[in-house]
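What follows is a single structure, written as structure tokens, with notes after it.
The values are calculated or read from the model by the stated rules, or taken from the named source; none is laboratory data. Keep in mind it's a predicted model, so treat the numbers as computed, not measured. Cβ placement follows ideal geometry from the backbone for every residue including glycine, while neighbour counts extend to all protein chains displayed. The protein model used for the area step is the full one, side chains on, heavy atoms only, and it has no ligands, DNA or RNA in it. Shrake-Rupley method; radii C 1.70, N 1.55, O 1.52, S 1.80 Å.
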Amino acid sequence: MKPVRNSAGLGAVMVAGLLLTSCSEVGTPLAPSASVPAATKMIRVTVPDGGWRLRVERVVEVGAEVWVLAQLRREPVPAIQVISEIEAAVPVAVPPTKLRVFVAGKTWAWPNKEPYEFVPSLEAVLSQATGGRVLHPAGVK
């Protein structure tokens, strides 16, 4: 099975005559992506069901650390009811420094195994990153 890319950057896979699509920035890709280099840093989060999506909102260099700020959201559609792992690509090359990942949007009570900081909102984290250099999205200060 070979992934296909369209102009919007969405991956598509043909399986038994059905067209399945995914976007690597908001969920687990269905097949390896030709547009994501092997050295790309991925963040993964265990979620309660298949309806959750993960998106990297901002990447900021703060002193000797790089902060990745990611947002979880639950799609309002029926989804497979099984604990799942979703991932998102960090959309920029990350300098070889300490990486801190902040994730907002978690609504379940069980502890996650990932070594991330689950926060109520990304705004509070951004207020602590004043003076940092924004690496993603481009053009944001």
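For the range 90-140, enumerate the residues that are under 26 Å from Val47 (Cβ atoms), of a type in the set (Gly, Ala, Ser) and free of Cβ contacts under 8 Å to residues at least 40 places away in the same chain.
Residues satisfying the conditions are Ala104, Gly105, Ala109, Ser121, Ala124.
Return a yes/no flag: does the range 51-59 have any residue that is within 19 Å of Lys41 (Cβ to Cβ), aromatic (Phe, Trp, Tyr) and modelled with pLDDT of 95 or more.
no
Just to verify a result, which residue in the range 56-95, among those that are open to solvent by less than 60 Å² (accessible area, probe 1.4 Å) and acidic (Asp, Glu), is nearest to Asn112 (Cα to Cα)?
Glu87
Quickly run through the range 96-112 and pick out the residues that are basic (Lys, Arg) and either within 16 Å of Ala70 (Cβ to Cβ) or open to solvent by less than 100 Å² (accessible area, probe 1.4 Å) (or both).
Arg100, Lys106
Looking at the range 123-136, which of its residues are open to solvent by less than 80 Å² (accessible area, probe 1.4 Å) and farther than 15 Å from Val66 by Cβ?
Residues satisfying the conditions are Ala124, Ser127.
Residues that are modelled with pLDDT of 95 or more, in contact with an Asp or Glu (Cβ under 9 Å, 6 or more places away or on another chain) and of a type outside the set (Asp, Glu): find the strands (runs of 3 or more DSSP E) completely inside the range 65-141 holding 2 or more of those.
65-74, 84-89, 98-104
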